[in-house]
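Derivation of every value follows stated rules applied to the coordinates shown; laboratory data play no part. What you see is a predicted model, and the numbers here were worked out from it, not measured in a lab. No Cβ is skipped: glycine too gets one built from the backbone with ideal geometry, and neighbour counts run over all protein chains shown.
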Amino acid sequence: MYIIYRMDKILLFPYWLTLKVRHLLFDNGCRKVYTPEVPSICIGNITVGGTGKTPHTEMLVRTLLEDEQWYGKNIAVLSRGYKRRSKGFQQVVADGRALDYGDEPLQIKKKFPMVTVAVDSSRKEGCTFLTDPETVKTSKKGRRCIHKDFPKADLILLDDAFQHRKVKAGVNIVLVDYSRPVFKDHLMPLGKLRDLPERIEAADIIIVSKCPRYMDGWEKGMWAEALGLHGYDATECSGTRKNGRKQNLFFTTITYDTPQAIFPEGDSRYLYAQRLILFTGIANDAPLARYLCGTYKIVKHFNFPDHHKFSRSDIMSIRNAGDAFPTSVIMTTEKDCQRVRDSKAVPESLKQRLFYAPIKTEFLRPEDKERFDIVLKELLK
């Protein structure tokens with residue numbers, strides 16, 4: 001084991017050194033950093049996918065909309081729009097396609113139509129357009145934008161931007177997957193870490209996501225110690241780092257609402273079936289599979305890569321499985337259903353059996369959510 005550990009260190013040294021030098025340049029002011037003109041919150045991680053950024057972004061949108069400080073204000077969400085075909089800055093519209101905006105931004109827009117959702121590979125340019133909408137109409141970089149009319153943002157949520165050091169958010173929230181602790185992981189390509197583990201110290205709030213529904217205080221304390229936080233206070237949801245800086249640590253879990261039909265043709269009677277065919281194209285589908293096993297017997301599970309574009313062949317394979325189990329319901333994730341709707345290969349006979357499970361995130365205790373709201377309000381002052 002020691003030899004394997006040393007080999008890991010040697011093989012990953014070039015990548016480790018590159019990241020180390022990059023962060024030193026930013027930390028010492030050798031690289032320029034852009035700060036948005038309005039309050040901003042970054043929701044990110046230091047691993048590749050699977051931590052639940054989108055449901056946590058939705059939770060933050062919901063929290064802000066219910067806060068009297070932000071009620072009636074223009075909240076905007078800026079995402080990269082992974083695997084979209086469009087270029088440059090684009091405003092997401094609810095009746096658009098995942099092909100044009102990416103599945104996650106479209107999912108957020110459908111849930112919160114009153115919120116401005118935009119995509120741009122350049123977080124800096126995206127923030128500039130959101131805080132000064134008129135520049136979209138006059139700037140060369142904004143000429144590709146199809147839907148140019150949107151209000152000036154009063155607050156921006158930066159989805160998956162923690163590793164983008166060129167933009168400095170006012171509040172940084174970093175997610176850590178309960179099932180894959182960063183302190184036991186390796187840098188890519190041997191592991192899932194895309195950034196140095198110590199970068200987590202730069203966060204204002206750390207959230208351990210996808211936790212079991214119940215966690216004992218001693219286990220939370222062990223997590224805090226492993227993340228470098230000493231003297232964790234479960235009431236205050238905070239601990240102290242070696243340099244004396246306090247850092248907040250929360251624990252959340254994934255839950256699901258009643259399954260919904262993907263297409264208008266959906267027949268809700270299929271939800272009473274005993275058997276289920278599951279197909280997923282996300283980084284970690286284990287929580288959904290566990291949830292569905294409580295109600296159904298999963299007779300077939302198609303596990304596609306994250307952000308997978310469903311081909312005609314994929315749809316036919318799902319249809320054939322449906323033919324083999326004619327009374328079964330066919331289920332997918334909320335994120336995947338955005339791409340399924342784009343597919344023209346879905347036969348009419350299949351549409352009535354296709355459903356998705358709406359996802360949401362919850363704190364393990366109601367008092368933790370209350371504490372989170374207080375901490376967030378203080379950080380946004």
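Worth pointing out:
- Computed from backbone phi, the HN-Hα couplings of region 360-376 come to 8, 10, 9, 6, 5, 10, x, 5, 5, 5, 5, 5, 4, 4, 5, 4, 4 Hz, rounded to whole numbers (Karplus: 6.51 cos²θ - 1.76 cosθ + 1.60, θ = phi - 60°; Gly and Pro given as x).
- For Leu157, the residues 5 or more places off, or on other chains, whose built amide H falls under 5 Å of its own are Ile41, Ala76, Val77, Leu78.
- Label of the coordinate-derived value, Cα extents along the principal axes in Å, listed as [x] 63, 42, 39; [y] 62, 58, 45; [z] 76, 47, 44: [y]
- ³J(HN,Hα) computed for each position of region 140-156 - Karplus, 6.51 cos²θ - 1.76 cosθ + 1.60, integer Hz, glycine/proline x: 5, 6, x, 5, 7, 5, 7, 9, 9, 9, 7, x, 5, 6, 9, 7, 10
- Listed residues Leu11, Leu354, Leu99, most fluctuating in the chain (Gaussian network, C-alpha, under 10 Å): Leu11
- Computed from phi, the 3J(HN,Hα) profile of region 57-71 under the Karplus parametrisation 6.51, -1.76, 1.60 (θ = phi - 60°) reads 5, 5, 4, 5, 4, 4, 5, 5, 5, 8, 7, 4, 5, 10, 5 Hz, with x in place of Gly and Pro.
- Note on the chain: with a GNM built from Cα contacts shorter than 10 Å, the maximum mean-square fluctuation among Ser139, Ser40, Ser79 falls on Ser139.
- In region 75-125, the convex hull through the Cα atoms has an average projected area of 3.0 nm², a quarter of its surface area.
- Once the GluC sites (Glu not before Pro) in DSSP loops with at most 16 neighbouring Cβ atoms within 10 Å are cut out of the chain, the longest remaining piece is 69-235.
- Counting only Cα atoms, the size of region 260-357 along its three principal axes is 29, 28, 23 Å, in decreasing order.
- 11 Å beta-carbon shell around Phe304, net charge (K/R +1, D/E -1): -2
- Given +1 at the Cβ of Lys and Arg, -1 at the Cβ of Asp and Glu and no other charges, the dipole of region 260-357 around its Cα centre is 120 debye to the nearest 20.
- Within a Gaussian network of the chain (alpha carbon springs, distance under 10 Å), most fluctuating of Thr116, Thr332, Thr135: Thr135
- Proximity of backbone amide H atoms, modeled 1.01 Å from N, is registered between Tyr34 and Val167, Lys168 at under 5 Å, excluding neighbours fewer than 5 places apart on the same chain.
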